[in-house]
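Nothing in this text is a laboratory measurement; each read-out follows from the coordinates by a stated rule. If you're wondering where the values come from, they're calculated on a predicted model, not measured in any experiment.
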Amino acid sequence: MPDTKSRWKGILLVNVATFAWATNILLGRTLRSEVGPFVLTAGRYVVASIVFFLLLKGRPVEERKGGTDGGLLIGMALTGVVAFAPLLYYGLRFTTAVNGTLINGVGPLLTAVFGALLIGEPFTGRQIIGSVLALVGVLVLIGRNATQFLQEPHLNVGDLWVLVAVVFWALYSVAGRKVMKSRSALSATALSMWIGLPLLLVAAFLEVCYFPPLFNLRLFGILLYLGIVPAGIGFLSWNKGVQILGAGGAMVFYNMLPLYGSLLGLLLLKEPFAWTQMIGGACIVTGGVIAAKR
């Protein structure tokens with residue numbers, strides 16, 4: 001168990017990560033009509049890859065190359081780098097930033113489920129209760145409202161894409177737990193990013209053919225921010241926080257992401273916040289805390 005000072009450091013790191021990712025969702029929603037999801041993702045990871053190259057330049061050679069965990073690093077690349085962000089950005093073309101961040105609150109529960117299924121981590125009664133509560137929250141959130149949903153089922157396709165993205169993030173988190181038992185958070189984050197980047201560049205090139213981005217100084221500035229803060233500082237802070245607090249301890253604070261995102265969406269984008277979002281978001285966050293709490 002970490003000492004008090006280390007624990008507070010871990011808490012700070014995971015909160016830095018969740019706030020950075022909340023701004024990523026906000027900007028993804030803002031840029032929905034200007035740039036496609038693959039171009040946006042590839043652009044941010046090009047910047048982040050350069051940042052990680054500079055950070056790893058003076059580290060031991062083992063930190064800059066794969067080993068026996070090569071398969072897990074590929075898994076991290078495919079789930080957390082190639083799949084997660086493009087699906088998230090695509091979903092944000094059809095739903096609000098508030099909804100996007102609230103749905104991300106189901107991440108801890110999915111991580112607990114996949115951890116139990118894939119690497120044999122225990123899945124307790126507390127986690128089952130939290131999972132059911134969060135599932136209720138997601139159903140409330142993606143329906144227009146409880147009464148209308150029962151009478152005439154109607155789902156927001158954007159919410160569903162965001163939910164699929166969160167599934168891939170949970171798989172990334174489980175793979176990351178295994179990888180970071182044998183290498184640093186910096187190394188795991190950088191290598192998985194470098195492995196996934198070529199695939200993103202190919203997808204971005206194909207996307208430009210039918211959805212040309214509106215390149216301007218504003219977009220380049222945002223890409224620099226997304227590469228340095230959410231992709232660079234965010235990923236590194238999260239993985240380092242997981243190393244200090246453990247996956248369960250870090251996942252408790254992952255539920256700050258819906259709170260940060262909702263506040264930013266309300267304050268900066270003036271997005272509406274209906275009673276269904278209040279109830280659904282409360283269920284998701286509460287379920288996540290119940291499931292992740294030791």
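General observations
- When both the stretch 55-120 and the stretch 1-52 are represented by their alpha-carbon centers, they are found 11 Å apart.
- The stretch 4-292: mean projected area of Cα convex hull, nm²: 15.5 nm²
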